1. What is the distance in Å between the Cα centroid of the stretch A:288-329 and that of the stretch A:54-133?
2. Packing-wise, with mean Cβ within 10 Å as the measure, how do A:328-337, A:834-843, A:619-628, A:346-355 rank, highest first?
3. Would you mind computing, in nm to one decimal, how far apart the modelled labels at A:CYS447 and A:ALA4 are, each placed 7 Å from Cα along Cα→Cβ?
4. Which whole-Hz ³J(HN,Hα) couplings does the stretch A:216-223 yield from phi under the Karplus relation 6.51 cos²θ - 1.76 cosθ + 1.60, θ = phi - 60°, glycine and proline marked x?
5. Defining a contact as two alpha carbons under 8 Å apart and six or more residues distant in sequence, what relative contact order in percent does the stretch A:35-170 show?
6. If you take every residue apart from A:PRO367 with its C-beta less than 15 Å away from the C-beta of A:PRO367, what net charge results, scoring Lys and Arg +1 and Asp and Glu -1?
7. With each pseudo-label sitting 7 Å past Cα toward Cβ, what's the A:LEU101-A:LYS321 distance in nm, one decimal?
8. Rounded to the nearest 500, what is chain A's calculated 222 nm mean residue ellipticity when only DSSP H runs of at least 4 contribute -39500 (n - 2.57) each, over all residues?
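The values are calculated or read from the model by the stated rules, or taken from the named source; none is laboratory data. On a predicted model such as this, the values are computed, not experimentally measured, just so you know. Using ideal geometry, Cβ is built from the backbone for each residue, glycine included, and neighbour counts are taken over all protein chains shown. Side chains included, ligands, DNA and RNA excluded: accessible areas come from the protein's heavy atoms. Shrake-Rupley method; radii C 1.70, N 1.55, O 1.52, S 1.80 Å.
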Amino acid sequence: MEIATRYDPKECEERWYARWEESGAFTARPDSGKPPYTIVIPPPNVTGVLHSGHAMFVTLQDILVRWRRMQGYDALWLPGTDHAGIATQMVVSKELEKQGLSRQALGREKFIEKVWEWRGEKGGAILSQLRKLGASCDWTRTRFTLDPPLSNAVRTAFVRLYEEGLIYRGHYMINWCPSCGTALSDLEAEHEEKQGSLWHILYRLEGGALDEGLVVATTRPETLLGDTAVAVHPGDERYKKWIGKRVMVPVVNRLVPVVADQMIDREFGTGAVKITPAHDPNDFEAGKRHHLEEIAVIGHDGKMTSNAGPYAGQDRFAARKGIVKQLESEGLLVKIEPHKSSVAHCQRCHTIVEPAISNQWFLKIEPLAGPAIKAVESGEIKIIPDHWRKVYLNWMGDIHDWCISRQLWWGHRIPAWYCDSCGNGAGGEDPQRRMVSMKDLGSCPYCGGAVRRDPDVLDTWFSSQLWPFSTMGWPEKTADFERYYPTAVMETGYDILFFWVARMIMAGLKFTGKAPFKEVFLHGLVRDAKGRKMSKTLGNVVDPLDLIEQYGADAVRFTLAILCVPGTDVALDTKRMEGYRAFANKLWNAARYVMMQAGDREPEEPAKDDLGPWDLWILSEFEKTARSANEALEAFKFYEAADLLYHFTWHSFCDWYLEASKPAIQAGGNRAAAARWTLFKVLEGTLRLLHPIMPFVTEELWQKIAPRDGFIADAAYPSGKEGDYAAPGHLAVVMELVNKMRNVRAERGLSASAQLEAVVVPADDGLAKAVEGSKDEIRFLARLSSLSLASSLPDEQPWAKGVSGGCRFAMRAATAGETDAGRERQRLENDLKKVLADHAKFAAKLANPSFAERAPAEVVEKSRKLMEEYAKKAEDIRSAIQSLKD
RNA sequence: GGGCGGUUAGCUCAGCGGAAGAGCGCCUGCCUUACACGCAGGAUGCCACUGGUUCAAAUCCAGUACCGCCCACCA
């Protein structure tokens, strides 16, 4: 059969994916009789386009799922998308603006219609992009967070939490994004350290002299318009006499009390702090303690309110400038100090977040956090790598209530109503009179009056936290829920540990009574080749689709897998990807060679006695590799599994075995038959071992090398546990001998085609047998025209001498040829030096009496052996040098 | 302020108590009939620093110095 010398990924990827999907190879089968293995996908945003983060999780999860499927599990990898409240609303709003439409002008209903339209058109894009990577998802079970059953789950969860008093509505200070026009959770407000200023401002004493007053320090002078007190520490001697007096807030000239409060840090600034209960979380609390008025001077649009006097209507930052200027001109600005402080920004639009007081819905976290902490502490849920466990516990131990309401239109609308006639409603005057309901309310159940539904929607993550079971049909006890929940593994990036993973654990325990997964594996973030974060401004963003186009999906996957070291971010280097594209090609060509030898079907199994030392060696190496690969995957060491398989395939199988098989095949007869079978057997097994990482090329080759009914995707994953083959003794020595002979050749600049004669002197009978048994292979691998065994090295020149573990040898060019005795001696002497140094190291170790006494016997034994080996080697080299002199 | 990491070959990183490793890059030869996306060979390291524990430390402990990340209501 003729096949190309190069592997062409494009040619086969789409073809195989379509066949897998059509045949239902990825569909979970509850009736299969196999044990279930479940992973739910971290649902990408419907607005999303594939980025390297997706490529990472798809690769890792697909490796796990394919591996388990091959191991005989009924594997379910459940895909889906997230409605992604703010993100989607922003994207669609922008699209509409391009068409000259505005969200406001459309109105809520029309706008939501548009979003659904938009998601109908583009929402599937991301899922087909996952297919390009080879994702073996069960597409028959695809879910969307706004599907009716999932929305029902959200509503059920909300109503239950509300009825238990864990969800409450209240008037508190929250993070407000003036640009998105909504409240945010603490996690969605990202803090950034920025160089700013600390303004020292004089607040004059009531009835005092012009320069008499308190100097306060602030980073936000524009908020002084809303000041309702100045606070000092009760123990601060400097200010004791001021407590209870009144000072004048500049610009608005309001008299406010000086209060004493423990929260004040005497060391910071001047030790006197202006209190703005409406615009600072600390001041908000202080305001409650001291019963201060809350005067909002910055509105939800980021502009100054009517309370801001002359600054009303100005942007908050323009107002800051204006106020500083005014203070300066009035002589109230004492000094400006440079000051670093962290400023919160909106995760979505990066606008500076404004602390604001507003009516919002909150989820009481503490009662949920307790069990979630316990689940991880007890090991019921294992977090890998381990250091994230500490991070998780640290965060959970100090978690605050979660603001779950958003002033958006796209999302799950909060199921709460208000009655204008009797004033009842959720969290209203009479807390007993609840108006949060599973069924939509048409009128007030208490007075029959007209009701309004709460306009807010829920934070996207509220539905995300239910994902592992809402996707299975919860709260209904569906067959899928019973069988596939809890899931096996939650695999995702560490950046959403708090956003998602922690909340899923809390919700899972709360609603299902079970941890939603047994293991959490957190992978690193994909960065550029230099380890920098990918960003549009840096221009270092790589598009996985481009990479697939350029290198093939298998190379992309292999690269991500081998770079995935737990606990480390991934520096994605396309240079490496080139290397793994070459690897796919290597595999391709190895298969080509095997097919050239074995035809296109499985050769007949030879009698065990016919297997030669090289056959046995590669077969045992294969089993060893299979065992290690399984162990590595078990421990989520993707890099180790990939690395192992790479080395086995390239170096053990291709570099050594494939070459060594050539003389055997040439010899014909039983030897050739054994080699042909071994070639086929090991290649076939290697394809299965590699399949989870490189699904496409392995399927293509697996189908090519022999007629097949099923897919490799359904074939058994080699466990290597059979232990049928043991590596023959002394083959390592033979390999070293070949290596040393090649050294001699390279040093002399002899071309590969220059045939050399060689004489080998093995140290003992065992070695002699081994060399004798691999004579053809040694001759071929070292390119010798003849090889003979002798009991001593030839004396006469121009033989080049060499030493390998256990064997001395001599070589010379069959056709005339000279040896450079000087160079050769140099080489031998260098070798000797190294060997002596190694010998000395172990000799010293063994000479230490406490070593023999305290070290475990096997370590001592090994050291002794090594020392003896070095001693012998040194002796061999010396004699070679000697013979050179003669 | 609290927490978590990192410092090993020119670069990106494995190894985490018993002979210093990989990939890429570099140097020397090779179109050897599977593959030049290839073959063979080679060079390269006070394993950040300082102490300690141990028969034995890149590996464990403590401290120091840089680098990075996360959390947090220091005005």
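1. 41 Å
2. A:619-628, A:346-355, A:834-843, A:328-337
3. Inter-label distance under the simple model: 7.7 nm.
4. Result, rounded to whole Hz: 10, 10, 9, 9, 10, x, 5, 7.
5. Details: 134 pairs, mean separation 46.7, N = 136.
That works out to 34 percent.
6. Neighbourhood net charge equals +1.
7. Reported label-point gap for A:LEU101 and A:LYS321 is 3.7 nm.
8. Calculated mean residue ellipticity at 222 nm is -13500 deg cm²/dmol.
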